[in-house]
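K.L.:
I'd like to ask some things about the structure below.
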Amino acid sequence: MEPDRANGRLLLDDGGVARILVGPNNGNLRVLEEASGASISARGTELVFSGEEDSVELVRQVLQELYELVREGRPLYASDVERAYRVKSQDKGLKLREIFMDTVFVANRKRIITPQGIGQKRYIEAMRKYDVVFGIGPAGTGKTYLAMAMGVAALKNQEVKRIVITRPAVEAGEKLGFLPGDLAEKVNPYLRPLYDALHDMMEYDQVTRLMERGTVEVAPLAFMRGRTLNDSFVVLDEAQNTTSDQMKMFLTRLGYDSRAVITGDVTQVDLPPGQRCGLLEATRILADIENIAFCTFDEQDVVRHPLVQEVIRAYDRYERQQERGDREGGHGER
């Protein structure tokens, strides 16, 4: 049966806001056309749609809600339009205001950090509500970046006295012994992405001052042993590379008035064969403990280049095929 075809219109009462909405050379409308398959034309302050009924209605809702946000003074970029369509496609009942106006932190250069989708929105709400939150999913879903933004916001609002950011220094194709320098210098490359995220949120000099005072600390997980972290926002990154003992050690470091966020991608484990993954084990052991939340992400939550979603899907398909081959007696090529 042929899908229902429909036409629709949206009348906008502010010509200036309408021009921002459609974008230069109607670029924002082209983004929606490509995503939805509907046709959109602008005639002054009137937008006219045609295409499949569901697509037309969804596009109309997206543009109506974006129009209201722009009218309130929110800037609009082509990436916002694509994000808005993706969010409404996943949950038509969700209002874009709940995503676009949920400010996590106003970062360096006045850039506003907000959730980029439904998965990130749930993750942020969990970090606001629970003392311990696990964020599990593929690269590019904003797990660590948002956790660090929440930590910086908590520090700025005097909810905590310091931020501690850590990750295991697990070798992935390169031996630590071959790297130059002492232990601190050897593990520094593993911590570089965390420094980059901090500098993205705060001025370089501000980060330096906070680190000199010990208000912000970035350290390998091994340096956490024997400590008690009070009044702290603690982020454990790359937790899929923790052993069972390391995960237990980290979770038992938390002191009074502290919160922890543990992030990782269970498809990217670099532990030596035979060692249990602390992150996978924790999801089973802690599943029923109150005040611990588990947030999972998939390829729909990826906010990097659109091709990253396709790469993740392709690898998922390949790995499922390999698993089926193993179960059927063939070992496939790995």
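K.L.:
Cβ under 10 Å from D265's Cβ, D265 left aside: what net charge do those residues give with Lys, Arg +1 and Asp, Glu -1? Present the calculation step by step, with values, prior to reporting the outcome.
P.N.:
Working: positive: K143; negative: E238.
So the surrounding residues net to 0.
K.L.:
Let me ask you something else. Which entries in K95/K129; K95/K161; K92/K156; K88/K161; K88/K156 show an alpha-carbon gap greater than 30 Å? All intermediate terms of the calculation are to be shown ahead of the outcome.
P.N.:
Numbers: K95/K129 21 Å; K95/K161 35 Å; K92/K156 35 Å; K88/K161 38 Å; K88/K156 32 Å.
In this structure, K95/K161; K92/K156; K88/K161; K88/K156 exceed 30 Å between Cα atoms.
K.L.:
For n ≥ 4 DSSP H runs only, could you compute -39500 (n - 2.57) per run for the chain, divide by its residues and tell me the 222 nm figure to the nearest 500? Could the numbers behind the result be given before it?
P.N.:
Working: 12 runs with 148 residues, N = 334.
The helix-only estimate for the chain comes to -14000 deg cm²/dmol at 222 nm.
K.L.:
Would you please give the FRET efficiency between D231 and V311, computed as 1/(1 + (r/R0)^6) with r the Cβ-Cβ distance and R0 = 45 Å, to the nearest 0.05? Intermediate results must be reported in sequence, preceding the final value.
P.N.:
Working: r = 41 Å, r/R0 = 0.90.
After rounding, the FRET efficiency stands at 0.65.
K.L.:
Quick one: if the Förster radius is 35 Å, what FRET efficiency do R9 and D131 give, using the C-beta to C-beta distance and rounding to 0.05? Provide the component values of the computation, followed by the final result.
P.N.:
On the way: r = 50 Å, r/R0 = 1.42.
After rounding, the FRET efficiency stands at 0.10.
K.L.:
Also, quick follow-up: In square angstrom, what is the accessible area per residue of the chain with a 1.4 angstrom probe?
P.N.:
Using a 1.4 Å probe on heavy atoms only, each residue of the chain averages 54 Å².
K.L.:
Extending each Cα 7 Å along its Cβ direction at K161 and Y77, get the distance between those two points in nm, one decimal.
P.N.:
3.8 nm
K.L.:
How large a share of the accessible area of segment 94-150, in percent, is made up of carbon and sulfur atoms when the probe is 1.4 Å and the other protein chains stay in place?
P.N.:
Numbers: 1190 of 2230 Å².
With neighbouring chains kept in place, the figure for segment 94-150 is 54 percent.
K.L.:
Expressed in nm to one decimal, what extension gain is obtained for the pair D245 and D326 from 0.36 nm per residue of sequence separation less their Cα-Cα distance? Don't skip to the end; give the middle numbers.
P.N.:
Working: separation 81, 0.36 × 81 = 29.16 nm, distance 3.06 nm.
Roughly 26.1 nm would be gained on extension.
K.L.:
If you don't mind, there's one more thing I want to ask. Assuming 0.36 nm per residue, please report the length gained on full extension of the stretch S41 to Y318 beyond their Cα-Cα distance.
P.N.:
Numbers: separation 277, 0.36 × 277 = 99.72 nm, distance 4.09 nm.
Working it through step by step, the gained length comes to 95.6 nm.
K.L.:
Could you tell me what percent of the DSSP beta bridges with both partners in the chain are antiparallel, to the nearest 5?
P.N.:
Numbers: 15 of 40 bridges.
Expressed as a percentage, antiparallel bridges in the chain total about 40.
K.L.:
Dipole size in debye (nearest 20) for segment 186-298 around its Cα centre, Lys and Arg Cβ +1, Asp and Glu Cβ -1? Could the numbers behind the result be given before it?
P.N.:
Working: 11 positive and 17 negative charges, 101 e Å.
Here segment 186-298 has a charge dipole of around 480 debye.
K.L.:
Subtract the Cα-Cα distance of E68 and E290 from 0.36 nm times their separation in residues, and report this length gain in nm to one decimal. Present the calculation step by step, with values, prior to reporting the outcome.
P.N.:
Details: separation 222, 0.36 × 222 = 79.92 nm, distance 3.91 nm.
Answer, rounded to one decimal: 76.0 nm.
K.L.:
Tell me the label-point distance for the pair T267, E34, using the 7 Å Cα-to-Cβ offset, in nm and rounded to one decimal.
P.N.:
So the label points at T267 and E34 sit 2.4 nm apart.
K.L.:
Determine the share of segment 205-303's accessible area contributed by carbon and sulfur atoms, expressed in whole percent, with a 1.4 angstrom probe.
P.N.:
Numbers: 2290 of 5060 Å².
Carbon and sulfur atoms account for 45 percent of the accessible area of segment 205-303.
K.L.:
Rank R128, R167, R259 by mean-square fluctuation in a GNM of the chain with C-alpha springs under 10 angstrom and give only the top-ranked residue.
P.N.:
Highest fluctuation of the listed residues: R128.
The values are calculated or read from the model by the stated rules, or taken from the named source; none is laboratory data. The structure displayed is predicted, hence computed values, not measured ones. Ideal geometry is used to build each Cβ from the backbone, glycine not excepted, and the neighbour counts take in all protein chains shown. Each accessible area value is taken on the protein alone, full model and side chains, heavy atoms only, with ligands, DNA and RNA left out. Shrake-Rupley method; radii C 1.70, N 1.55, O 1.52, S 1.80 Å.
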